[in-house]
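The values are calculated or read from the model by the stated rules, or taken from the named source; none is laboratory data. Bear in mind that the values here come from a model prediction, so they are computed numbers and not experimental data. Cβ placement follows ideal geometry from the backbone for every residue including glycine, while neighbour counts extend to all protein chains displayed. Keep in mind that these areas ignore ligands, DNA and RNA; they rest on the heavy atoms of the full protein, side chains included. Shrake-Rupley method; radii C 1.70, N 1.55, O 1.52, S 1.80 Å.
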Amino acid sequence: MAGLLSRLKGETAGGDAADAGVPVRAFNNASRAALLKSLESSDLGWFWATDAAGHISYISLPAAQRAGKPVEEIISKPLTDVFQAVEDSDDRGTQRPLKFQLAARNSIKPVTVEIDMGEGRSWWEIAAVPQTDDAGNFAGYHGIARDVSDTYESTRDAEKLSRYDSLTGLSNRHRMSHQLGATLTAFKASKRSCAMMLLDLDRFKQVNDTMGHPAGDELLKQVAGRLQRVLGDGVEIGRIGGDEFQVIIPDEDDRGVLGELATRIIQMLSQPYSINGLRAVIGCSVGVAVAPFDGIEEEELVKAADLALYSAKGGGRGAFRFYSSDLRDKASYRHQIESDLRDAVARDELEMHYQPIVDAKTHRVACVEALMRWNHSDRGMISPADFIPVAEEVGIIRELGEWALHSVCETIQEWPGDIRAAVNVSAVQFASDEFVDIVKRTLKTTGIEPERIELEITESVFVGDMDRALRVFHELKGLGVRLSLDDFGTGYSSLAYLRDAPFDKIKIDQSFVRGCTAEDNRNDAIIAAVVSLATALGMETVAEGVESKDEMRAVTEEGATHLQGMLFSRAIPGAEIMERLESGEFEFVPRGPEKYRAERRTEFRKIGLIHGNDRYNVFLRNLSKTGAKIEGLLDVPVGTDVVVDLGGGQLAVACVRRSEGFSQGVEFETALISDGADGLCTRHRVSPYQIEAAGRPLRALNDEAVAAVTSGMHSNTKSFVEVEISKF
């Protein structure tokens, strides 16, 4: 302590103490020792010192007592073992200042450290100045310390409230924004990737409305717990408001892995919840974006993930989507649809088409499914997949649904025979208190026999108040209409509501029918089980999406009573189907391929093909997970290795397996994966860091930059001849 005492003596003639009028000589060594002892025992502050190696050489007795250890146990221990850095995940830099300052042998500015007390922990604030020996060499530290546990804990709790969601304990929007910004900045410097997911709960509002806000709060807590179990450690999870969640996944850019993770999240969150003895079922939609591919800065990446989420919700919910640049154009298109849809009924632009549902044995039409079509005056036919989700979101689906029901009843009233028509009912329509009255009024106004109308209901109507759903079903049956359970097995199936709800028919979703004859496919067992269950309950079954004759034979052998799909007919206008019926053409002959073929996307778009140092412009005709058909190059030898540029930084290594004239069939070295929608994508993409290394600015992927860095040095003579497809 001699060095520490000497710094407190201030005996230099003319020093600050003398200048201040303090009688320096009145303080001898004994007085100063007494002053130090008094200060140490007062708990206002303690003293400590280290040697040049960083080991504790002195600590005040009250400090050791406060730490719950004998002085002898602390002496000679490394300083960093006694004073431990405080973990602070919001700012990783604060975990290292003490070690950094010790290594630099700088003055230690006031810093909070953690003390292990054996059966508890406390927090002290320490500061110190470096010491030197007579030769000017570093000799250790002399420092002070004080216990700040009370203020630290209160400050920490206040900071936690400002950074964490009080309901779920997850990070809040502020903390997630800080974490994402800090991560992207650090990862950009170290050339690392970072994925982000935005999650939105589907039908959460229905739970809030039917079961109450306390139940909604409990549901959010359970959702948070499930997310933590699925995602595990090393992933940042936050609730950023309402029923929206955000996930930050460092060092992951494999879209195969991310797609599987998103699927697990959706499956986990879609399992039933038990809340105060009641059962609640919700869903989840997920949007995925990856830095630096989809954005470099925080705002850019969040916007990309938000567009992907919007696409997932617009595609029917309960799904995930990866961000792609064309989503910006789709968002603009969606705004145009929303604007025009409100006037579609008034302009008489909506019409109903009808797809036959045939008897499985006779192939005679027994029923038709009514499907809405929008023939826009400027844009032509607009897909229901584009406008139905918009109608649900903006709140006009009830108006459209009422119009559709009235239109169908009027139309089939004029049809010969007793053919029924199935009308789809959205969950939003079904939830309306006026729905039963609307059906009753429509039946009366049109004069249609109620038994000729089937209402197709999806399983989502059982979310929330199941008692109300069952009550509405029985009221509808009281009107004489038939009830059909649509898309069975794809949502929130429960044998309980099959037992209690008075359904006349179960529709087996096309996802089970498609490919049911393929090897190692167990869909046939699922179909058999559903048919057996329906038969036991006295219900008919419809196999949807039948497109090949082997599928037709398979589902018929399993006992399905009715079939529906392109093998028999597409959805056709009412006038066309009426002509057939009036002429007595009640049978629909199956026309289509003999065997199921793995789905291929028919396309016609320009893409790039790379061979050696040359880049060619070709056209993509169709695409599957394992290969593609391209056109635009003459006489490419079988066995030629190429790279197919599918756009958006997606490069697929491939080999030419078939070649005829200007058309080639290529097989991919690595299979493509689902993009969460109806499309396919590569697992990996060209990294913007690679593009930056080639001398271009670091920014999110764009096709121009990818084409520039993949063109290489063009050879004087290209290996293949490009042809104009339009000439053939």
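Filter segment 524-542 down to the residues that are surrounded by 15 or more Cβ atoms within 10 Å (Cβ to Cβ) and touching a Gly at 6+ places or on another chain (Cβ under 8 Å) and list them by number.
The answer is 526, 528, 530, 531, 541.
State all residues of segment 40-59 that are touching a residue at least 60 places away in the same chain (Cβ under 8 Å) and either outside any loop (DSSP other than H, G, I, E, B) or surrounded by 15 or more Cβ atoms within 10 Å (Cβ to Cβ) (or both); if no residue qualifies, say none.
Those that are touching a residue at least 60 places away in the same chain (Cβ under 8 Å) and either outside any loop (DSSP other than H, G, I, E, B) or surrounded by 15 or more Cβ atoms within 10 Å (Cβ to Cβ) (or both): 45, 46, 47, 48, 49, 50, 51, 52, 54, 57.
Taking residue 560 as the residue in question, decide whether it is open to solvent by 10 Å² or more (accessible area, probe 1.4 Å), under 22 Å from residue 486 (Cα atoms) and among the small types (Gly, Ala, Ser).
no
Run down 579, 594, 603 and say which single residue is part of a loop (DSSP other than H, G, I, E, B), at pLDDT below 95 and either over 33 Å from the mean Cα position of the chain (by Cα) or within 30 Å of residue 563 (Cα to Cα) (or both).
One residue alone meets the criteria, 594.
Could you list, ordered by first residue, the pairs with Cβ atoms under 7 Å in which the first is in segment 257-268 and among the small types (Gly, Ala, Ser) and the second is surrounded by fewer than 21 Cβ atoms within 10 Å (Cβ to Cβ) and not in a helix (DSSP H, G or I), at least 6 apart or interchain?
Going by the 7 Å Cβ cut-off, the qualifying pairs are 259/673; 259/674.
Would you confirm whether any residue within segment 711-728 is aliphatic (A, V, I, L, M), surrounded by 17 or more Cβ atoms within 10 Å (Cβ to Cβ) and either at pLDDT below 85 or not in a loop (DSSP other than H, G, I, E, B) (or both)?
no
Out of (1) at pLDDT 70 or above; (2) outside any helix (DSSP H, G or I); (3) out of contact with any helix residue (DSSP H, G or I) (no Cβ under 7 Å at 6 or more places or on another chain), the odd one out for residue 13 is which?
Looking at each condition in turn, residue 13 falls short on (1).
Kindly list, by first and then second residue, each pair from a residue in segment 320-348 that is in contact (Cβ under 8 Å) with a residue 60 or more places away in the chain to a residue that is part of a loop (DSSP other than H, G, I, E, B) and of a type in the set (A, V, I, L, M), limited to pairs with Cβ atoms under 7 Å and residues at least 6 apart or on different chains.
That search, which allows pairs on different chains as well, returns 321/677.
Within segment 582-591, can you find the residues that are hydrophobic (A, V, I, L, M, F, W, C), at pLDDT 90 or above and surrounded by 13 or more Cβ atoms within 10 Å (Cβ to Cβ)?
Scanning segment 582-591 gives a single hit, 588.
State all residues of segment 614-652 that are open to solvent by 70 Å² or more (accessible area, probe 1.4 Å) and part of a strand (DSSP E or B); if no residue qualifies, say none.
If the condition is that a residue be open to solvent by 70 Å² or more (accessible area, probe 1.4 Å) and part of a strand (DSSP E or B), then 617, 621, 629, 641 are the ones that fit.
Conditions (1) on the phi > 0 side of the Ramachandran plot; (2) under 20 Å from the mean Cα position of the chain (by Cα); (3) open to solvent by 20 Å² or more (accessible area, probe 1.4 Å), marked per residue:
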{"site": "328", "(1), (2), (3)": "no, yes, yes"}
{"site": "332", "(1), (2), (3)": "no, no, yes"}
{"site": "339", "(1), (2), (3)": "no, no, yes"}
{"site": "343", "(1), (2), (3)": "no, no, yes"}
{"site": "350", "(1), (2), (3)": "no, no, no"}
{"site": "358", "(1), (2), (3)": "no, no, no"}
{"site": "372", "(1), (2), (3)": "no, no, yes"}
{"site": "381", "(1), (2), (3)": "no, no, yes"}
